[in-house]
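Remarks on the structure that follows.
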2 protein chains.
Amino acid sequence: MANPIDFYFDFSSPYGYLASTAIDALAARHGRVVRWRPFLIGALYKQLGYMPLEQPGKRAYFLQDVPRSARAMGVALTVPASFPEALIAPARALYWIADQDPAKAAAFGRAAFRAYWAEGHKLADPAVVAEIAAEHGFAKEAVLAALADQAVKDRLKAETDAAIAAGIFGSPFIVIDGELFWGSDRLDQIEKWLATGGW
Amino acid sequence: MANPIDFYFDFSSPYGYLASTAIDALAARHGRVVRWRPFLIGALYKQLGYMPLEQPGKRAYFLQDVPRSARAMGVALTVPASFPEALIAPARALYWIADQDPAKAAAFGRAAFRAYWAEGHKLADPAVVAEIAAEHGFAKEAVLAALADQAVKDRLKAETDAAIAAGIFGSPFIVIDGELFWGSDRLDQIEKWLATGGW
């Protein structure tokens, strides 16, 4: 069995969303599964002493590039008025779901990304996250309890530390057998890498 | 006559080099010419208060991604031991050449990029730059005099300011009729944009 592919992302990342729409099918074409690994990009930037979006020019560019890249991929996307904002609840929920039923983590992740980036839902709200999880078979009350559980909170902190230790400094990163790829614009290289074994 | 495409870059930028190997032919396929517009990325970052490569993780990633992206494009590239370093002389020379004979600016630019990124030449050295310019029909003495000319120095400063005013914050940027594209990894979108008129 080939190693899983690690998909590191923050739900608040538009390029993470774009990658999320393609990564599972792409991996499956090459006999791989994807391990969804959300982290908190705010905490990561803080630890790295780095604030890339503080550049006004960079933000203006992203607001041009993100919708253009989405349209090029045929992906529905509307930048929420509240962007950027911390999206902690869906990241906690994903790890809790993965521990209950690993097969459902990716489907929940795709649905949560879509809820925020395409459907205008308030993904920072635990009630919204519980609603999405309920559509994948989890009791809302259990999800809400998990989101407030210290062990679940600590898990996400540990995963953010693990991402930093793996050399991650943005979102998304896709890691194949130790090879790092940064950005949804590396999907073509990733497909080629999986098809050829690297170059 | 369609507008020229603006190609903003610093010669010290590996992604600028990758784009330089493709941009003229790509533009020509769609009836466009490329206006080569080098700027000084160190001066730009200083004015923007921004030092992206100060992140050790980012640098380590670039040293993995740059050669991998070059191999994916079939482009010869060896990261020089002296990277990153300021490459001022070739940028000044390019504007001087463009003023003498606009048709030769792109050919000089491609040769200068290749000299540094593929052939191991010391492109920071005015003598090396004069040598490359000589291969394109310019007298070495005239090139060396131009490199020391205050008007040529001021021209490059003004072009760096113009790049900042145009919203540029990295290298390369390719601008088509006011639409900004950042990075050699946007060449596919650029080709599609020129073919379709945008989306």
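The values are calculated or read from the model by the stated rules, or taken from the named source; none is laboratory data. A quick note: this is a predicted structure, and the numbers were derived from the prediction, not measured. We place every Cβ from the backbone using ideal geometry, glycine too, and count neighbours over all the protein chains shown. Heavy atoms of the whole protein, side chains included, go into the accessibility calculation; ligands, DNA and RNA do not. Shrake-Rupley method; radii C 1.70, N 1.55, O 1.52, S 1.80 Å.
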Being at pLDDT 95 or above, farther than 14 Å from B:F39 by Cα, among the small types (G, A, S) and not in a loop (DSSP other than H, G, I, E, B) is true for just one of B:A111, B:A93, B:A76, B:A103. Which residue is that?
B:A111
Residue check, A:A22 more than 16 Å from the chain's Cα centre (by Cα) and at negative phi
no
Does A:A163 meet the test of being free of Cβ contacts under 8 Å to residues at least 24 places away in the same chain and either more than 14 Å from chain B (Cβ to nearest Cβ) or in a helix (DSSP H, G or I) (or both)?
no
Confirm whether A:Y50 is more than 25 Å from A:L144 (Cβ to Cβ) and in a loop (DSSP other than H, G, I, E, B).
yes
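Conditions tested, residue by residue: (1) farther than 17 Å from B:R35 by Cβ; (2) surrounded by 14 or more Cβ atoms within 10 Å (Cβ to Cβ); (3) within 14 Å of chain A (Cβ to nearest Cβ).
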| site | (1), (2), (3) |
| --- | --- |
| B:V128 | yes, yes, no |
| B:A145 | yes, no, no |
| B:E159 | no, yes, no |
| B:P172 | no, yes, yes |
| B:V175 | no, yes, yes |
| B:R186 | yes, yes, yes |
| B:Q189 | yes, yes, yes |
| B:T196 | yes, no, yes |
May I ask you to list the residues in the range A:79-90 that are of a type outside the set (V, I, T) and farther than 10 Å from A:P38 by Cβ?
A:P80, A:A81, A:S82, A:F83, A:P84, A:E85, A:A86, A:A89
Among the residues of the range B:90-105, is there at least one that is within 30 Å of A:Y45 (Cβ to Cβ) and without any contact (Cβ under 8 Å) to a residue 12 or more places away in the chain?
no
Selection within the range A:69-104 - surrounded by 19 or more Cβ atoms within 10 Å (Cβ to Cβ) and at the interface with chain B (Cβ under 9 Å from one of its Cβ atoms)
A:S69
Say we look at the range B:80-90 and pick out the residues that are aliphatic (A, V, I, L, M) and at pLDDT 95 or above; which of these is nearest to B:E135 (Cα to Cα)?
B:A89
Name, by its number, the condition in (1) touching a Gly at 6+ places or on another chain (Cβ under 7 Å); (2) of a type in the set (A, V, I, L, M); (3) within 28 Å of A:G167 (Cβ to Cβ); (4) in a helix (DSSP H, G or I) that does not hold for B:L63.
(1)
Residue ID - nearest to B:I5 (Cα to Cα), chosen from residues in the range B:147-157 that are aliphatic (A, V, I, L, M) and surrounded by fewer than 16 Cβ atoms within 10 Å (Cβ to Cβ)
B:A151
Residues of the range A:37-47 being in a helix (DSSP H, G or I) and in contact with a helix residue (DSSP H, G or I) (Cβ under 7 Å, 6 or more places away or on another chain), in sequence order, are A:A43, A:L44, A:Q47
Output the number of residues of the range B:1-25 satisfying the condition of being assigned to a loop (DSSP other than H, G, I, E, B) and among the hydrophobic types (A, V, I, L, M, F, W, C).
4
Name the single residue that is nearest to the chain's Cα centre (by Cα) among those in the range A:25-48 being open to solvent by 30 Å² or more (accessible area, probe 1.4 Å) and under 15 Å from A:T160 (Cβ atoms).
A:R37
